[in-house]
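Trainee: I'd like to ask some things about the structure below.
The values are calculated or read from the model by the stated rules, or taken from the named source; none is laboratory data. Small disclaimer: the values here were computed from a predicted structure and weren't measured. Virtual Cβ from ideal backbone geometry, glycine too; neighbours counted across all protein chains shown.
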Ligand SMILES: C[S@@+](CC[C@H](N)C(=O)[O-])C[C@H]1O[C@@H](n2cnc3c(N)ncnc32)[C@H](O)[C@@H]1O
């Protein structure tokens with residue numbers, strides 16, 4: 001496809017996302033079905049342009065003076081992809097390209113000067129979130145938010161059940177993976193350019209052999225802070241697709257037991273092939289819909305891991321559409337969920353055991369507030385130093401240790417962000433039940 005046709009496709013996909021509230025993946029898939037002539041490179045290009053447009057939606061709208069999908073896509077080409085205005089004008093004359101630029105659009109594209117704007121525009125986040133963002137980040141709000149408005153890097157966790165970092169390094173050369181700066185058992189791949197054709201990570205042999213798993217370094221560090229040990233009894237209470245389950249299983253070396261539970265049984269099914277690929281044999285799935293029950297596990301667990309459902313604000317780099325979908329009432333609903341889940345999950349911790357609370361949200365309302373409220377209602381638990389717990393796993397590099405100590409809050413929990421650590425936004429706290 002010529003670029004003009006791709007730009008038209010991006011405008012139509014973005015219209016579906018913004019006006020019909022379709023997730024980007026679905027909207028691109030639907031467009032791909034109707035555009036049989038489009039190859040995988042075209043789909044990556046269109047999807048990349050739509051995602052970048054969503055990442056910088058507010059600031060691009062401000063520069064363009066319009067908020068419609070066409071203005072946003074054209075503005076992204078100019079202000080995010082750095083296309084000269086003349087190239088955008090030219091692409092409009094390609095076969096299937098968008099209609100020619102209006103004078104107002106041309107003026108906006110030619111005027112690339114800096115602009116003064118409120119912080120939700122500078123930081124490209126929904127206006128209603130301003131007080132929440134400022135509560136979490138204070139004067140760093142714009143810088144933190146801007147670091148969430150770029151493409152995400154990709155991290156790979158080396159699966160100790162199958163290989164080690166040294167052996168995994170060679171086959172990972174093909175995907176430009178570099179050793180992680182934060183973790184000794186991980187690799188880091190700089191954000192991919194959607195205009196370049198690159199191998200899908202899931203097609204590389206190291207992935208299909210179960211040597212590596214795609215997992216953000218923030219998520220890996222939260223799992224490290226749980227310090228799951230061989231022989232322990234572990235409950236992954238919100239196991240979902242099992243990212244944390246697998247990361248907890250690796251240091252256990254097949255000894256002990258992990259119970260993977262999720263209220264949504266369907267989500268657990270994604271875990272089955274992942275367990276097989278990773279060579280993990282000590283995980284039992286607990287499906288609420290199949291009548292299996294957690295009751296026998298009450299007060300029996302050395303470790304209960306709560307990867308709580310949340311607004312997912314920490315993943316805005318990867319899922320920029322979710323940034324514009326989050327609403328105050330959803331935040332309220334998530335807080336209610338987190339409150340109930342913490343109380344429920346705590347029942348399974350044995351005396352002396354630990355409860356790890358994690359979210360992929362940077363909102364204090366979903367993080368520190370929830371931990372503080374839980375602790376005030378259950379005085380058997382006290383908070384420990386989550387940074388030192390992560391370091392004790394032996395999985396952090398010196399730099400990783402420095403980062404978790406630097407971003408440890410006054411009560412011991414840790415919040416990582418793209419700006420602070422080049423990770424997703426991730427929060428984790430370690431709570432210990434008295435013996
Ligand atoms: C952040 S996701 C978990 C991601 C997963 N741990 C991973 O690493 O891939 C949160 C999960 O909590 C589950 N959940 C929501 N409410 C729950 C509840 N009351 N009890 C248990 N799980 C719940 C959701 O179905 C969702 O899969």
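Trainee: Check off (1) at pLDDT below 95; (2) away from the ligand (no atom under 16 Å from the Cβ); (3) farther than 30 Å from residue 403 by Cα for residue 171 and give me the number that stays unchecked.
Mentor: Residue 171 satisfies every listed condition except (3).
Trainee: May I pose another question? Can you tell me which residue within the range 282-298, out of those that are at pLDDT below 95 and out of contact with any strand residue (DSSP E or B) (no Cβ under 7 Å at 6 or more places or on another chain), is nearest to the ligand (Cβ to nearest atom)?
Mentor: 288
Trainee: Sort out which residues of the range 145-169 are in a helix (DSSP H, G or I) and within 26 Å of residue 254 (Cα to Cα), and write them in order of number.
Mentor: 165, 166, 167, 168, 169
Trainee: Check the range 299-321 and report whether any residue there is assigned to a helix (DSSP H, G or I) and more than 15 Å from the ligand (Cβ to nearest atom).
Mentor: Among the residues of the range 299-321, at least one is assigned to a helix (DSSP H, G or I) and more than 15 Å from the ligand (Cβ to nearest atom), which makes the answer yes.
Trainee: Now for a different question. Is there any pair linking a residue in the range 237-263 that is on the phi > 0 side of the Ramachandran plot and modelled with pLDDT of 95 or more to one that is near the ligand (Cβ under 6 Å from one of its atoms) and in a helix (DSSP H, G or I), with Cβ under 6 Å and at least six apart or on different chains, and which?
Mentor: Here the result reads 240/267, each pair linking the range 237-263 to a residue that is near the ligand (Cβ under 6 Å from one of its atoms) and in a helix (DSSP H, G or I).
Trainee: Please tell me if residue 149 is modelled with pLDDT under 95 and closer than 30 Å to residue 75 by Cα.
Mentor: Values: modelled with pLDDT under 95: no; closer than 30 Å to residue 75 by Cα: yes.
No: the conditions fail for residue 149.
Trainee: So, in the range 218-236, how many residues would count as being farther than 20 Å from residue 414 by Cβ and in contact with a strand residue (DSSP E or B) (Cβ under 9 Å, 6 or more places away or on another chain)?
Mentor: Total satisfying the criteria: 6.
Trainee: Tell me, which residue of the range 34-80 that is within 28 Å of the chain's Cα centre (by Cα) and surrounded by fewer than 17 Cβ atoms within 10 Å (Cβ to Cβ) is nearest to residue 101 (Cα to Cα)?
Mentor: Top of the filtered list is 68.
Trainee: Sort out for me the helices (runs of 4 or more DSSP H) sitting completely within the range 178-279 that have 1 or more residues that are away from the ligand (no atom under 12 Å from the Cβ) and surrounded by fewer than 24 Cβ atoms within 10 Å (Cβ to Cβ). Show your work before the answer.
Mentor: Working: elements: 205-208, 217-226, 243-252, 265-269, 271-278.
Those helices (runs of 4 or more DSSP H) span 205-208, 243-252, 271-278.
Trainee: Still on this model: Determine whether residue 367 is more than 13 Å from residue 432 (Cα to Cα) and touching a strand residue (DSSP E or B) at 6+ places or on another chain (Cβ under 6 Å).
Mentor: yes
Trainee: How many residues does the range 288-346 hold that are surrounded by fewer than 16 Cβ atoms within 10 Å (Cβ to Cβ), over 13 Å from residue 129 (Cβ atoms) and touching a helix residue (DSSP H, G or I) at 6+ places or on another chain (Cβ under 8 Å)?
Mentor: So the answer is 4.
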